[in-house]
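These notes are about the structure you will find just below.
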Amino acid sequence: MAYLSPPGWKLTDVSDQERMLTAALLPSRRLELARMFTILEWVEPAVQTILDGKLADLTGDDLDRIGFRVFVLLVKGKECMGTELQRTASVAPKIDDHNWSCKKPDVCTETFKRLWWEKVGRRLLHPVMPMKTFAIRWEVRTWKHADLNVACRDHMVQKMELGEIKFSENKIVAGVVQAISDYYLTL
Ligand SMILES: [Zn+2]
């Protein structure tokens with residue numbers, strides 16, 4: 001198929017530019033540039049994107065750009081996140097303060113635990129489309145169950161919103177970002 005192109009349009013130039021633009025969006029490229037020019041603001045979004053995905057999806061070119069020491073930090077972060085995710089999935093936060101209207105706190109707690117595993121835990125560990133921890137509170141808010149007091153449920157949602165119940169995945173990302181930034185500053 002023939003393409004119409006303006007006179008003098010050099011296709012090679014266009015594709016080179018496109019390649020550069022696309023590469024600039026790659027998290028591995030961002031890390032490379034962050035290192036070369038000490039642009040530390042680029043570290044966080046790149047690390048977040050890489051840790052959201054699978055490290056096995058990184059190509060040889062990605063690894064060249066990232067470098068061995070930073071790759072090791074990413075591997076450690078990913079491993080911590082996996083452990084933390086399993087803990088979050090399997091251990092429901094405890095309802096420590098049942099509402100006055102809650103007539104059977106023990107049953108309420110048990111129901112919350114069961115729903116947690118069925119509706120949150122299993123989805124957090126889903127191999128293809130895992131639920132993100134920030135979405136947990138939106139999920140919990142929708143729970144309707146005869147044995148779960150609505151006020152107790154909302155109390156737990158509120159604690160998640162206020163950060164009183166934390167899922168430490170963000171802390172792990174922040175730790176990796178800090179370690180990489182510290183390393184770049186030594187170069
Ligand atoms: Zn309750």
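Throughout, read-outs are computed from the coordinates displayed, never taken from laboratory work. Only a predicted model underlies this, so the values are computations on that prediction, with no experimental measurement involved. Positions of Cβ are generated from backbone atoms using ideal geometry, with glycine treated the same way; all protein chains shown enter the neighbour counts.
Considering only helices (runs of 4 or more DSSP H) fully contained in the range 55-133, which possess at least 1 residues that are within 21 Å of the chain's Cα centre (by Cα)? Full working, then the answer.
Numbers: elements: 60-66, 68-90, 105-115.
Once the helices (runs of 4 or more DSSP H) in the range 55-133 are filtered for at least 1 residues that are within 21 Å of the chain's Cα centre (by Cα), what remains is 60-66, 68-90.
Suppose we filter the range 66-108 for residues that are surrounded by 12 or more Cβ atoms within 10 Å (Cβ to Cβ) and within 16 Å of the ligand (Cβ to nearest atom); how many remain?
10
Between residues in the range 125-150 that are aromatic (F, W, Y) and residues that are outside any loop (DSSP other than H, G, I, E, B) and surrounded by 11 or more Cβ atoms within 10 Å (Cβ to Cβ), which pairs lie under 8 Å by C-beta distance while being six or more apart or on different chains?
Close Cβ pairs satisfying both conditions: W143/L115; W143/K119; W143/R153.
Give the residue, chosen from G121, G175, G163, that is out of contact with any Leu (no Cβ under 7 Å at 6 or more places or on another chain) and on the phi > 0 side of the Ramachandran plot. Can you show your working first?
Values: G121 fails: on the phi > 0 side of the Ramachandran plot; G175 fails: on the phi > 0 side of the Ramachandran plot.
None of the others qualify; the one that does is G163.
Mind counting the residues in the range 146-165 that are among the β-branched types (V, I, T), within 15 Å of the ligand (Cβ to nearest atom) and surrounded by 15 or more Cβ atoms within 10 Å (Cβ to Cβ)? Let's see the steps before the verdict.
Residues of the range 146-165 that are among the β-branched types (V, I, T), as a first pass: 150, 157, 165.
When the remaining residues are screened for being within 15 Å of the ligand (Cβ to nearest atom), the result is 150, 157.
Now restrict to residues that are surrounded by 15 or more Cβ atoms within 10 Å (Cβ to Cβ): 157.
Qualifying residue count for the region: 1.
Among the residues of the range 109-121, which ones are of a type in the set (A, V, I, L, M, F, W, C) and more than 10 Å from the ligand (Cβ to nearest atom)?
Correct list: L115, W116, W117, V120.
With the requirement that a residue be over 28 Å from D52 (Cα atoms) and hydroxyl-bearing (S, T, Y), what does the range 68-113 give you?
S101, T109, T111
Going residue by residue through the range 166-176, is there one that turns out to be of a type in the set (D, E, K, R), away from the ligand (no atom under 16 Å from the Cβ) and under 18 Å from K94 (Cβ atoms)?
At the first step, the residues of the range 166-176 found to be of a type in the set (D, E, K, R) are 166, 169, 171.
Filter again for away from the ligand (no atom under 16 Å from the Cβ), leaving 166, 169, 171.
So of that shortlist, the ones also under 18 Å from K94 (Cβ atoms) come out as 166.
Yes, the range 166-176 has at least one match.
Given the conditions (1) in contact with a Ser or Thr (Cβ under 9 Å, 6 or more places away or on another chain); (2) surrounded by 15 or more Cβ atoms within 10 Å (Cβ to Cβ); (3) among the hydrophobic types (A, V, I, L, M, F, W, C), which single one is not true for L63?
All conditions pass for L63, except number (2).
Suppose we filter the range 164-187 for residues that are in contact with a Lys or Arg (Cβ under 8 Å, 6 or more places away or on another chain), assigned to a helix (DSSP H, G or I) and under 24 Å from G121 (Cβ atoms); how many remain?
So the first thing to find is which residues in the range 164-187 are in contact with a Lys or Arg (Cβ under 8 Å, 6 or more places away or on another chain), and the list is 165, 176, 183-184, 187.
If we keep only those that are assigned to a helix (DSSP H, G or I) as well, we get 176, 183-184.
Keeping just the survivors that are under 24 Å from G121 (Cβ atoms) gives none.
Selection size over the range 164-187: 0.
Among the listed residues I172, I165, I180, I136, identify the single one that is in contact with a Gly (Cβ under 9 Å, 6 or more places away or on another chain) and under 30 Å from I50 (Cβ atoms).
Details: I165 fails: in contact with a Gly (Cβ under 9 Å, 6 or more places away or on another chain); I180 fails: in contact with a Gly (Cβ under 9 Å, 6 or more places away or on another chain); I136 fails: in contact with a Gly (Cβ under 9 Å, 6 or more places away or on another chain).
Result of the check over I172, I165, I180, I136: I172.
Only one of these conditions is not met by T59: (1) more than 22 Å from K171 (Cα to Cα); (2) within 16 Å of the ligand (Cβ to nearest atom). Which number is it?
Going through (1) more than 22 Å from K171 (Cα to Cα); (2) within 16 Å of the ligand (Cβ to nearest atom) one by one, T59 breaks only (2).
In this structure, is E139 part of a helix (DSSP H, G or I), over 20 Å from the mean Cα position of the chain (by Cα), away from the ligand (no atom under 12 Å from the Cβ) and not polar (S, T, N, Q)? Explain how you work it out, then say what you get.
Details: part of a helix (DSSP H, G or I): yes; over 20 Å from the mean Cα position of the chain (by Cα): no; away from the ligand (no atom under 12 Å from the Cβ): yes; not polar (S, T, N, Q): yes.
Judged against the criteria, E139 is not a match.
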